[in-house]
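Trainee: Here it is, the structure in full.
The values are calculated or read from the model by the stated rules, or taken from the named source; none is laboratory data. Note that the structure is predicted; figures quoted are calculated from it, not measured. Every residue, glycine as well, gets a Cβ built from its backbone with ideal geometry; the counts of neighbours run over all protein chains shown.
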Amino acid sequence: MTRREIERFFSALAHSWPHPTECILIGGAAAALEGGGRPTADVDFEARLGGGASVNDADIFAGAVRFAEAASGLSGQFTEDLSAWSPVAMPPYRDRKRLWKAFGPVRVYLLAPSDYIVSKLRRGAAHDFTDLLLVCRAHRVPWRVLAVRCGMAVRASPKSTRLVSFMKRAEYLFRRYGQSLWGRGFDPESAVGLFRKTLSARR
């Protein structure tokens, strides 16, 4: 997936859906805009249709997404709430989003880098680690910020086996990749300790 293909997708979406809408890109499409080269044809995003949107509006918007798929050759999938795609909650992320580009009334944003990494840790597939490591390196995400954001996600989530898996992946990230991301002086146990302290803090 290239930047031009993603632009073509959202240009077609805006052509078919001329209403103020905020989209937040996630997944491989977002990583592609950060310089990633992993093969993918999926454009996954959160779409906020604005106040007063109805079920019928969402259905019409889904039709606009299908039009954008046909125009760009990419596959689009949206949700109105990114947190709904996993039993692991996202830390508060909408007020930290970064504008990428506007296509008429459709404005496309990227997650803050630390929030993007949390979104990828919620899934934990091999290609998710490829994407999150790329973003972490590209933006030099401080390990303290990441540990706290991961802890906030756990704290906001109901207990489940998926949550336990997320916790293991977060600690694996610090222990397996920490020194390559933050230097030889990085202490993985300090990051794990901050993560655990944050997740156990009172809400």
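Trainee: Hey, any hits in region 11-22 for a residue that's touching a residue at least 24 places away in the same chain (Cβ under 8 Å) and at positive phi?
Mentor: no
Trainee: Can we say PRO105 is more than 25 Å from LEU13 (Cβ to Cβ) and surrounded by fewer than 20 Cβ atoms within 10 Å (Cβ to Cβ)? Can you show your working first?
Mentor: On the way: more than 25 Å from LEU13 (Cβ to Cβ): no; surrounded by fewer than 20 Cβ atoms within 10 Å (Cβ to Cβ): yes.
Here the answer is no, as PRO105 does not meet what is asked.
Trainee: Look at region 23-46 and say how many of its residues are at positive phi and outside any loop (DSSP other than H, G, I, E, B).
Mentor: Here the count works out to 1.
Trainee: Next question, about the same structure. Provide a single number: the residues in region 122-154 that are part of a helix (DSSP H, G or I), at pLDDT below 95 and of a type outside the set (Asp, Glu). Lay out the reasoning, then the answer.
Mentor: Of the residues in region 122-154, the ones part of a helix (DSSP H, G or I) are 126-139, 143-154.
Filter again for at pLDDT below 95, leaving 126-139.
Adding the requirement that they be of a type outside the set (Asp, Glu) leaves 126-127, 129-130, 132-139.
The total comes to 12.
Trainee: I'm trying to understand the selection: among the residues of region 118-165, which are surrounded by 15 or more Cβ atoms within 10 Å (Cβ to Cβ), more than 24 Å from GLY183 (Cα to Cα) and not polar (S, T, N, Q)?
Mentor: ARG122, ARG123, MET152, ALA153, VAL154, ARG155, ALA156, ARG162, LEU163 - these are the residues of region 118-165 that are surrounded by 15 or more Cβ atoms within 10 Å (Cβ to Cβ), more than 24 Å from GLY183 (Cα to Cα) and not polar (S, T, N, Q).
Trainee: Looking for whichever is in the same structural domain as PRO18 (by TED's automatic domain parsing), within 23 Å of ALA32 (Cα to Cα), in contact with a Phe, Trp or Tyr (Cβ under 7 Å, 6 or more places away or on another chain) and among the β-branched types (Val, Ile, Thr) here; the options are VAL108, VAL135, VAL88. Which one fits?
Mentor: Values: VAL135 fails: in the same structural domain as PRO18 (by TED's automatic domain parsing); VAL88 fails: within 23 Å of ALA32 (Cα to Cα).
Just one listed residue meets the conditions, VAL108.
Trainee: Can I ask one more? Within region 84-96, is there a residue that is touching a Ser or Thr at 6+ places or on another chain (Cβ under 9 Å) and over 21 Å from VAL145 (Cβ atoms)? Spell out the reasoning first.
Mentor: Restricting attention to region 84-96, the residues satisfying the condition of being touching a Ser or Thr at 6+ places or on another chain (Cβ under 9 Å) are 85-91, 93, 96.
Next, from what is left, pick out any that are over 21 Å from VAL145 (Cβ atoms): 85, 87.
There is at least one residue in region 84-96 that is touching a Ser or Thr at 6+ places or on another chain (Cβ under 9 Å) and over 21 Å from VAL145 (Cβ atoms).
Conditions (1) farther than 19 Å from VAL141 by Cβ; (2) charged (D, E, K, R); (3) crowded, with 19+ Cβ neighbours inside 10 Å; (4) modelled with pLDDT of 95 or more, marked per residue:
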| position | (1), (2), (3), (4) |
| --- | --- |
| MET1 | yes, no, yes, no |
| LEU13 | yes, no, yes, yes |
| GLY28 | no, no, yes, no |
| PRO39 | yes, no, no, no |
| ASP44 | yes, yes, yes, no |
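Trainee: With a cut-off of at least 2 residues that are out of contact with any Asp or Glu (no Cβ under 7 Å at 6 or more places or on another chain) and modelled with pLDDT of 95 or more, name the strands (runs of 3 or more DSSP E) lying wholly within region 72-115. Outline the logic, then answer.
Mentor: Numbers: elements: 75-79, 98-103, 106-110.
In region 72-115, the matching strands (runs of 3 or more DSSP E) lie at 98-103, 106-110.
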